[in-house]
Ligand code: AMO
């Protein structure tokens, strides 16, 4: 029998043959169970020792009595180093002095894997450890309850987004990550050797999701890695992040895209609030339900608001201005999530695919969704008219020959369309108030880190 410490998931191995999965509970009092897990701690009081065994589902106490086991076996069991993996068989006994209300009295045990000492970092110790040390020993760091909680929340965020999009007629697709041209500016492209040709790691699925609109796929989304050779070593930039890209056809304006986006984000918050109670509690985070619609404020209006509060902006918003704007939005509109709309063409110069406002070519039909001052999403309506798209590309100096494979899709029936790109780690970074975006990635990649 394979047993678990917590609420009925998987994880523990048995000593003998594997059969059904189940979780330990008081109902099993008096029965013999076999469990296995990591030794979190051993408290040896001489005649009696308490060993805490941990797996993903929780912790169980194994109570070893010297008189019962004999000196030799008792010292072998209590001498096993922390974080070794131990399998134990014995009676599950009710004991209301113990957390969880029961303990295991071992009859036999087996060391499945012995950990070396000292550990590069503690799993339950309160001592603060540098992020670099944690990331260098990430397999150990990931054993921590609060680190696991981040990835369980990440799982919920992804489930919430998929659930909303699938429920609204979007199909999940996968586009190439080895590409011949980038859509987000040359400076953040990672070149790779691709047989005899020059290729790049995809910065975004932009060109492909648009081509799928020409294919008549109508409503698609993709959740996949995106690569940016970011020269900025900040707490919110990664060289490899997970991008949720969405694209939809037959829209009238970017408002259609914003409506889908805000509903998806609000639904995702609901999923995390309803199903991530233990994780939020473990991380000390309180999340509130998000009210719809999210406020929409034009870029120009944002600049005015900032200027009234003493921040002069030249060009795009910098980090300080973004942070301040987050505070102002929270005060004035009572929302931590808000859209910045009508981005000036001047600021979206590299975004050749953005549709410009027909009444004012100095403005685009482009928006960002920000959360507490950090950009989570950018998107908008795309330029679907071949001639206009080509002239926008020429205006920004793009080599249209390189994009021929993409431009061709605009010549044979391209519907009006739009979409967005959302950084999953940015959402978690802000939602869980984490100090660094690297906390939201199992094995982060940045300017300096390519291992583990
Ligand atoms: P953009 O370049 O603004 O737009 O990226 C979209 C979203 O992706 C996330 N993001 C990042 N997250 C972590 N580290 C990075 N280095 C990083 N760069 C971007 C952010 C950002 O809002 N093709 C367009 C989207 C579209 O119009 O559909 C694009 O990629 O959350």
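The values are calculated or read from the model by the stated rules, or taken from the named source; none is laboratory data. What you are looking at is a predicted structure, and each value in this text was computed from that prediction instead of being measured. Virtual Cβ from ideal backbone geometry, glycine too; neighbours counted across all protein chains shown.
The set of residues in region 59-91 that are in contact (Cβ under 8 Å) with a residue 40 or more places away in the chain and in a loop (DSSP other than H, G, I, E, B) comprises 80, 81, 82, 83, 84. Screening 238, 292, 280 for residues that are part of a loop (DSSP other than H, G, I, E, B) and in contact (Cβ under 8 Å) with a residue 40 or more places away in the chain leaves exactly one candidate, 238. Any residue at all in region 250-259 that's within 23 Å of the chain's Cα centre (by Cα), under 27 Å from residue 218 (Cβ atoms) and crowded, with 18+ Cβ neighbours inside 10 Å? Checking region 250-259: at least one residue is within 23 Å of the chain's Cα centre (by Cα), under 27 Å from residue 218 (Cβ atoms) and crowded, with 18+ Cβ neighbours inside 10 Å. Taking region 312-336, which residues are more than 16 Å from residue 374 (Cα to Cα), surrounded by 12 or more Cβ atoms within 10 Å (Cβ to Cβ) and in contact with a helix residue (DSSP H, G or I) (Cβ under 9 Å, 6 or more places away or on another chain)? Listed by number, the residues that qualify are 313, 332. Selection of helices (runs of 4 or more DSSP H) fully inside region 127-226 by the criterion of at least 1 residues being surrounded by fewer than 17 Cβ atoms within 10 Å (Cβ to Cβ) and either at pLDDT below 95 or more than 18 Å from the chain's Cα centre (by Cα) (or both) returns 131-136, 145-167.
Counting only residues that are without any contact (Cβ under 8 Å) to a residue 60 or more places away in the chain and in contact with a strand residue (DSSP E or B) (Cβ under 7 Å, 6 or more places away or on another chain), region 259-273 holds 0 of them.
Can you pull out every residue in region 347-358 that is away from the ligand (no atom under 14 Å from the Cβ) and out of contact with any strand residue (DSSP E or B) (no Cβ under 7 Å at 6 or more places or on another chain)? Matches in region 347-358: 358 only. Within region 191-218, residues that are under 14 Å from residue 180 (Cβ atoms) have Cβ atoms under 7 Å from residues that are assigned to a helix (DSSP H, G or I) and modelled with pLDDT of 95 or more in these pairs: 207/406; 211/406; 211/409, counting only partners at least 6 apart in sequence or on another chain. Looking only at residues in region 1-58 that are assigned to a strand (DSSP E or B) and modelled with pLDDT under 50, the one that is farthest from residue 116 (Cα to Cα) is 21. The condition (being within 24 Å of residue 219 (Cβ to Cβ), more than 33 Å from the chain's Cα centre (by Cα), more than 10 Å from the ligand (Cβ to nearest atom) and modelled with pLDDT of 95 or more) is satisfied by just one residue among 386, 406: 386. Listed by first and then second residue, the pairs linking a residue in region 337-361 that is at positive phi to a residue that is within 12 Å of the ligand (Cβ to nearest atom) and modelled with pLDDT of 95 or more, with Cβ atoms under 8 Å apart and 6 or more places separating them unless they lie on different chains, are 342/364; 342/365; 342/366; 342/367. Looking across region 245-258, the residues that are more than 8 Å from the ligand (Cβ to nearest atom) and either without any contact (Cβ under 8 Å) to a residue 24 or more places away in the chain or out of contact with any helix residue (DSSP H, G or I) (no Cβ under 6 Å at 6 or more places or on another chain) (or both) come down to 248, 250, 251, 252, 253, 254, 255, 256, 257, 258. Restricting attention to region 364-375 and to residues that are closer than 17 Å to residue 255 by Cα and free of Cβ contacts under 8 Å to residues at least 60 places away in the same chain, the residue that is farthest from the ligand (Cβ to nearest atom) turns out to be 364.
Any residue in region 172-189 that is out of contact with any strand residue (DSSP E or B) (no Cβ under 8 Å at 6 or more places or on another chain) and away from the ligand (no atom under 16 Å from the Cβ)? For region 172-189, residues out of contact with any strand residue (DSSP E or B) (no Cβ under 8 Å at 6 or more places or on another chain) and away from the ligand (no atom under 16 Å from the Cβ): absent.
Touching a strand residue (DSSP E or B) at 6+ places or on another chain (Cβ under 9 Å), over 20 Å from residue 423 (Cβ atoms) and not in a loop (DSSP other than H, G, I, E, B): which single residue out of 325, 306, 389 fits that description? If you could, list the steps in order and put the result at the bottom.
Working: 325 fails: over 20 Å from residue 423 (Cβ atoms); 306 fails: touching a strand residue (DSSP E or B) at 6+ places or on another chain (Cβ under 9 Å).
Just a single option satisfies the conditions, and that option is 389.
Checked against (1) surrounded by fewer than 20 Cβ atoms within 10 Å (Cβ to Cβ); (2) out of contact with any strand residue (DSSP E or B) (no Cβ under 7 Å at 6 or more places or on another chain), residue 415 passes all but a single condition, namely (2).
For region 354-383, the set of residues classified as touching a helix residue (DSSP H, G or I) at 6+ places or on another chain (Cβ under 7 Å) and farther than 24 Å from residue 289 by Cα consists of 354, 356, 361, 362, 363, 364, 365, 366, 380, 381, 382, 383, listed by residue number. Taking (1) buried (at least 19 other Cβ atoms within 10 Å of the Cβ); (2) within 16 Å of the ligand (Cβ to nearest atom); (3) within 18 Å of the chain's Cα centre (by Cα) in turn, residue 279 satisfies each apart from (2).
The residues on offer are 414, 430, and the sole one that is in a loop (DSSP other than H, G, I, E, B) and either farther than 30 Å from residue 157 by Cα or within 14 Å of the ligand (Cβ to nearest atom) (or both) is 414.
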